[in-house]
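Just below is one structure, and these are the notes that go with it.
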Amino acid sequence: MNDGELAGVVFPASAGGRRSTSALGAGVVADALRQVDMAGALGAEHEQNWRSGYLAHFRRLVEAGLASKDAALSVARDGLDSVHRRMRVVPADGGETGLDELLTAPARRSVDTVTVRGGGQAETDLAVPYRGQRLRGDALLARLDAWVTDGVIEPSCAAAVRTVAAHPDWLRLPGRTAVVLGAGAEVGPLPALLSWGAQVIGVDVPRPAVWERVLDLARRSGGTLLVPADAPPGASDEVLAQRAGLDLTRDVPTAADWLAAVDGPLVLGNYVYADGAANVRVSAAVDALTVRLQARRDDVALAFLATPTDVFTVPAAAVAQSTCAYATRSRVAKLASPPLRALSGGRLLRRAYPPGADPGINDSLVAQQGPNYALAKRLQRWRATVARASGATVSMNVAPPTRTRSVLKNRALAAAYAGAHWFGVEVFEPATTRVLMAALLVHDLNTGGPAHPHPWQDEAHGAAHGGLWRIAYAPRSALTLAALLGYPAARK
């Protein structure tokens, strides 16, 4: 971490003064496992190469929590407690404190609210962009059925979207204000919610290029956007773009006090993303913001998007479809699999699940995304689990693999996504993912979200995993070949 990053929420320093992302990740995973899986905790603590070895330990977190609801809650609570205990805050005036200081620290400044009203017509029905069309009505229902048949989304996902399509009055979120942290996120819900006429608070870093795009979108929509900005009344959008935004890694108290004063029920949506270690820093900051805001208000629902490239427990029906796909794969695939497995030391084209597993463990972690990405996304899952257990309304749905800019700039991932269709995985365009996941958010807010006996069932409900849960092979064992097959297309 360079000197320019040493402000706001930062990683803890070792005795030698080095701020190690690997030490933080291993320590948090070990703390999360300690009460329910001591051997797993020791394994994480003694991992010699965290950057490549983290995959097994993140899987172990899911396996350890599967024993019972209490075990899953223990993993989630202890993991979050570890992050709050370990991460540090460096104020602008120097010194260093713990992350939990942000829960009570006074705001350094106040921020004004600028209201941006759209001049467009709000959409009054659900239409999902898909391959050059806008699917609505019977065409949308047919596509949902096809996705279910092909194993691209879970049946509960299709049922939720059908329900929203049948209740178009839900789309504008009457009576609620949606807070979108990461307003410029490529697959965040801000564009869809504004197009449906909702009132949305957009929060993102103070970067003019981000705000120019967000403000233009808001002006053309049928919704209302509330923006944090130090701008004079009546300022032009050009001036506003220069003065808007909040850096959550440096200014949680300001953001929390501003949001605490908003009238009416809030939906706090966490869609933040940053590259590398910064992703953990901003995710930890947002978690502190979440805890602080929940302590101030009792009308805050939480929303997240789970990444499909993670480890999930999946229902028996997903295992059965995967088992069938493995048994009925082509003759060429059956002939090619044994030598490829042998040459790769068993790493390629492994079957996804033991036949009859109930439930199954789907390990779709992708090594190229790295341990910081995995930890940042796991923090969100843990917060969702803990919040649901406390009675809060939570919307957290697994999003499909999507051709976002952050994915495509990684050559290996871009190639794997380009070749994924050879193995039954459908990779979505951002426009499709945005609307589909926003519809699931609307469904959860209007129905209260899933409420199952075990947290893994809540996580699996409504998943739009793109097929990763139901293909014949363990995803990581197929994506290497997918990358080879997709490399020519990715280059284009």
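The values are calculated or read from the model by the stated rules, or taken from the named source; none is laboratory data. Quantities reported herein were computed from a predicted structural model and do not represent experimental measurements. We place every Cβ from the backbone using ideal geometry, glycine too, and count neighbours over all the protein chains shown. To get the accessible areas, we keep the full protein, side chains included, count just its heavy atoms, and leave off ligands, DNA and RNA. Shrake-Rupley method; radii C 1.70, N 1.55, O 1.52, S 1.80 Å.
Using only Cα atoms, what Kirkwood radius does the chain have, in angstroms?
The answer is 23.2 Å.
Under 1.5 on a/c is rounded, so check that first for region 30-164, then, if it is not, pick prolate when a/b is larger than b/c and oblate when it is not; a ≥ b ≥ c are the square roots of the alpha carbon gyration tensor eigenvalues.
Because a/c hits 1.5 or more and a/b fails to exceed b/c, region 30-164 counts as oblate.
Please give, to one decimal in nm, the separation of the simple spin-label points placed at His452 and Asp138, each 7 Å out from Cα toward the Cβ.
Reported label-point gap for His452 and Asp138 is 3.4 nm.
For the chain, what is the accessible area per residue in Å², given a 1.4 Å probe and the full set of protein chains? Mind showing how you got there, number by number?
Numbers: 20230 Å² over 492 residues.
For the chain, the per-residue accessible area is 41 Å².
Given the DSSP H assignment, sum -39500 (n - 2.57) over each helix run of at least 4 residues in the chain and divide by its residue total; what's the result at 222 nm in deg cm²/dmol, nearest 500?
Numbers: 19 runs with 234 residues, N = 492.
That calculation yields -15000 deg cm²/dmol at 222 nm.
With a sphere of radius 14 Å drawn around the Cβ of Arg77, what net charge do the other residues whose Cβ falls strictly inside it have (Lys, Arg +1; Asp, Glu -1)?
Numbers: positive: Arg34, Lys69, Arg85, Arg378, Arg381, Arg383, Arg388; negative: Asp31, Asp70, Asp78, Asp81, Asp287.
Once all neighbours under 14 Å are counted, the net charge is +2.
Provide the packing ranking of 451-462, 270-281, i.e. peptides ordered by the mean count of other C-beta atoms within 10 Å per residue, highest first.
270-281, 451-462
For region 300-363, run through the trypsin sites (Lys or Arg not before Pro) and keep only the ones in DSSP coil with at most 13 other Cβ atoms within 10 Å of their Cβ.
Passing sites in region 300-363 are Arg347.
Classify region 331-381: rounded, prolate or oblate, from the alpha-carbon gyration tensor (a ≥ b ≥ c, eigenvalue square roots; a/c under 1.5 rounded; otherwise prolate if a/b is larger than b/c)?
Oblate, since a/c reaches 1.5 and b/c is not below a/b.
Taking 0.36 nm per intervening residue step and subtracting the Cα-Cα distance, what contour gain separates Gln35 from Ala7 on full extension? List each step's numbers first, then the result.
Values: separation 28, 0.36 × 28 = 10.08 nm, distance 3.30 nm.
Full extension of this stretch gives 6.8 nm more.
Which cross-chain or sequence-distant (5 or more) residues have an amide H under 5 Å from the amide H of Val179, H modelled 1.01 Å from N in plane?
Ile201, Val267, Leu268, Gly269
Debye calculation, C-alpha points only, no solvent: report log10 I(q)/I(0) for region 137-242 at q = 0.20 Å⁻¹, in the same order as the q values.
These q points yield log10 I(q)/I(0) values of -1.01.
Compute, for region 134-290, the length of the dipole vector about the Cα centre, with Cβ point charges of +1 (Lys, Arg) and -1 (Asp, Glu) only. Units Debye, rounded to 20.
With Lys and Arg at +1 and Asp and Glu at -1, about 300 debye.
Debye calculation, C-alpha points only, no solvent: report log10 I(q)/I(0) for region 161-220 at q = 0.14, 0.19 Å⁻¹, in the same order as the q values.
-0.41, -0.70
Among the lysines, select those whose C-alpha is under 23 Å from the C-alpha of Lys409, and discard any that sit fewer than 8 residues away in the same chain.
Of all the lysines, those that pass the test against Lys409 - Cα under 23 Å, at least 8 places apart if same chain - are Lys377, Lys492.
Just the number, please: percent antiparallel of the DSSP beta bridges in the chain, rounded to the nearest 5.
Rounded to the nearest five, the antiparallel share is 45 percent.
Once neighbouring chains are kept in place and the probe is 1.4 Å, which whole percent of the accessible area of the chain is contributed by carbon and sulfur?
Looking at the chain in its full context, I get 52 percent from C and S.
Taking only C-alpha pairs under 8 Å that are 6+ residues apart, what is the relative contact order of the chain in percent? Could the numbers behind the result be given before it?
Details: 985 pairs, mean separation 93.2, N = 492.
Answer for the chain is 19 percent.
Using all Cα-Cα distances in region 353-439, what percent lands in each 10 angstrom bin from 0 up to the longest?
It works out to 13, 35, 38, 13, 0, in whole percents.
Provide the gained length on full extension for the span Arg405 to Val332, in nm with one decimal, where the gain is 0.36 nm per separating residue minus the Cα-Cα distance.
That pair, Arg405 and Val332, stretches by 22.8 nm at full extension.
Please report, ordered by residue number, every helix of the chain (full DSSP H runs) that is 20 Å or longer along its axis going by C-alpha atoms and whose mean Kyte-Doolittle hydropathy reaches -0.5.
Long hydrophobic helices here: 50-65, 277-296, 430-447, 475-491.
Give me the extension gain from Arg491 to Arg220: residue separation times 0.36 nm, minus the current Cα-Cα distance, reported in nm with one decimal. If you can, show how the numbers build up before the last one.
On the way: separation 271, 0.36 × 271 = 97.56 nm, distance 3.44 nm.
Extending this stretch completely gives an extra 94.1 nm.
Report the semi-axes of the equivalent ellipsoid for region 224-352 in whole Å, largest first, where each axis is √(5λ) for an eigenvalue λ of the Cα gyration tensor.
Gyration-tensor ellipsoid for region 224-352: 48, 19, 15 Å.
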